[in-house]
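What follows is one structure encoded as C-alpha cells, with my remarks underneath.
The values are calculated or read from the model by the stated rules, or taken from the named source; none is laboratory data. Fair warning: this is a prediction, and the values are worked out from it, not measured in the lab. Here the Cβ positions follow ideal geometry from the backbone for every residue, glycine too, while neighbour counts run over all protein chains shown. The accessibility values were calculated without ligands, DNA or RNA, using every heavy atom of the protein model including side chains. Shrake-Rupley method; radii C 1.70, N 1.55, O 1.52, S 1.80 Å.
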Amino acid sequence: MLLWAVLTSIGCALLLLLLLALRRCTAALRRQLDFLKKHASNMPLRSPLPLCGLDELAEEINDLLERTAQAERTARAGQEQLMEAITNLSHDIRTPLTSLDGYFQLLEEHPEQRQRYAPVIRRRIDDLKRLLEGLFTFTRLQNDNWQLELEPVDLHKCLLDVIFSFYDQWKAGGVQPELEIQDAPCWVSGSPEALERVLQNLLKNALLHGDGDIRLTLRADKAQARFTCTNRVAQPEKLDMEQIFSRFYRQDSARTRSSTGLGLSIARGLSERMEGRLSARLDGNLFEITLSLPLIPPDSPAA
C-alpha cells in the first residue's frame with residue numbers, strides 16, 4: 001500500500017512537472033508570436049523543449065508564417081509592377097495626345113501647311129488607336145469566358161501579308177529578313193484578325209528588341225504548323241526569360257516607349273484561344289519565339 005502511495009506521489013509530481021514544462025513552452029511560443037506581431041522579423045519560432053509535439057507545431061507555424069510572408073512580398077511586387085505599368089501607360093498615351101495637340105495648334109496657326117501636318121496627325125492618331133486597341137484586347141483576355149470565333153485560316157498567306165505590311169519598317173531599320181517559308185497553304189483553325197495580331201506583335205517585338213537581321217521560318221508536319229521568329233539581342237544577360245510573356249514586361253523601357261509591354265502577353269493569350277502555343281528560348285545572343293498551331297486535317301472540307 002505504501003509502495004502504491006509512493007508511486008502515485010511520484011507520478012503526480014512528474015505530471016505536475018510536465019504540465020509546468022508545457023505551460024513554460026506555450027508561454028514562450030506566445031511571447032515569440034507577440035514579438036512577431038509587433039515587429040517585422042523573420043525570426044523562426046522555437047520551442048524551449050521538445051514536448052508533446054510542440055516543436056513540430058512550431059515548425060508548422062513557421063512554414064505558415066513563411067508562406068504568408070511570401071504572399072505579402074508577391075503582392076507588394078505585383079502592386080509595384082502595376083503602379084509602374086500605370087505610369088508607363090500614362091506616358092505612352094499622353095505622348096501622342098501631346099503631339100496631336102501641338103500639331104493641331106500649328107495647323108490652326110498655319111492652315112496653308114495642311115499637307116505637311118495632316119499626315120503627322122494621322123500617324124499620331126494611329127499610334128493612339130494601336131495603344132488603346134492593345135489595352136482593350138488585353139482586358140478581354142483577362143476574362144476566361146471570352147472566346148474567339150474560329151474558322152479555317154491559311155497561316156501561309158496570313159504570314160506573307162503581315163511580312164509585306166512591315167516592308168517600310170524593314171527598309172527604315174535596314175533589316176533584310178531571312179525567309180524560310182514553305183510554299184504551300186497551311187490551314188489552321190483560328191481567327192483571321194487574332195492570327196494577324198499575333199504575327200504582327202511577334203514581328204514588332206523583333207524589330208523593337210532585335211539587334212540585326214531577323215530570320216522567319218514556317219514549317220508544318222502532319223499535326224502542327226510552326227512559325228519561328230529569330231533575332232539577335234545586344235544584351236542577352238538583361239533578358240528575363242521567365243518574364244517574357246508577363247504583362248507590361250519591357251527589357252529596356254528607355255528604348256521601347258512605343259510599346260506598352262503587352263505585345264507578347266497578348267500574343268500568347270490569343271494563341272491559347274486558338275488552341276495554340278507560344279514559347280520562347282534564348283541561345284547565346286539569339287532570341288527565338290515559336291508559334292505552334294494545330295493543323296486542320298488534309299481531308300477536312302475546309303482545307
(request) Take the residues in the stretch 222-252 that are of a type in the set (Ser, Thr, Tyr) and either open to solvent by 40 Å² or more (accessible area, probe 1.4 Å) or over 14 Å from Leu159 (Cα atoms) (or both), then tell me which one is modelled with the lowest pLDDT. (result) Tyr249
(request) Take Gln105 and decide whether it is open to solvent by 80 Å² or more (accessible area, probe 1.4 Å) and touching a helix residue (DSSP H, G or I) at 6+ places or on another chain (Cβ under 9 Å). (result) no
(request) Please go through the stretch 222-243 and pick out each residue that is free of Cβ contacts under 8 Å to residues at least 40 places away in the same chain and not in a helix (DSSP H, G or I). (result) Gln235, Asp240
(request) Could you please find all residues in the stretch 167-206 being assigned to a helix (DSSP H, G or I), under 25 Å from Arg140 (Cβ atoms) and either open to solvent by 10 Å² or more (accessible area, probe 1.4 Å) or not aliphatic (A, V, I, L, M) (or both)? (result) Pro192, Glu193, Glu196, Arg197, Gln200, Asn201, Lys204, Asn205
(message) Suppose we filter Val198, Val120, Val175 for residues that are modelled with pLDDT of 85 or more and of a type outside the set (S, T, N, Q); which single one remains?
(response) Val198
(message) Give me the residue from the stretch 207-221 that is at pLDDT 90 or above and either of a type in the set (D, E, K, R) or assigned to a loop (DSSP other than H, G, I, E, B) (or both) and, out of that set, nearest to the chain's Cα centre (by Cα).
(response) Arg215
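Does Gln147 count as closer than 17 Å to Glu275 by Cα, exposed (fewer than 12 other Cβ atoms within 10 Å of the Cβ) and touching a residue at least 60 places away in the same chain (Cβ under 8 Å)?
yes
State whether one or more residues within the stretch 142-151 are in contact with a strand residue (DSSP E or B) (Cβ under 6 Å, 6 or more places away or on another chain) and either more than 26 Å from Ser90 (Cβ to Cβ) or among the basic types (Lys, Arg) (or both). Full working, then the answer.
As a first pass, look at the stretch 142-151 and keep what is in contact with a strand residue (DSSP E or B) (Cβ under 6 Å, 6 or more places away or on another chain): 150.
Adding the requirement that they be either more than 26 Å from Ser90 (Cβ to Cβ) or among the basic types (Lys, Arg) (or both) leaves 150.
Within the stretch 142-151, one or more residues are in contact with a strand residue (DSSP E or B) (Cβ under 6 Å, 6 or more places away or on another chain) and either more than 26 Å from Ser90 (Cβ to Cβ) or among the basic types (Lys, Arg) (or both).
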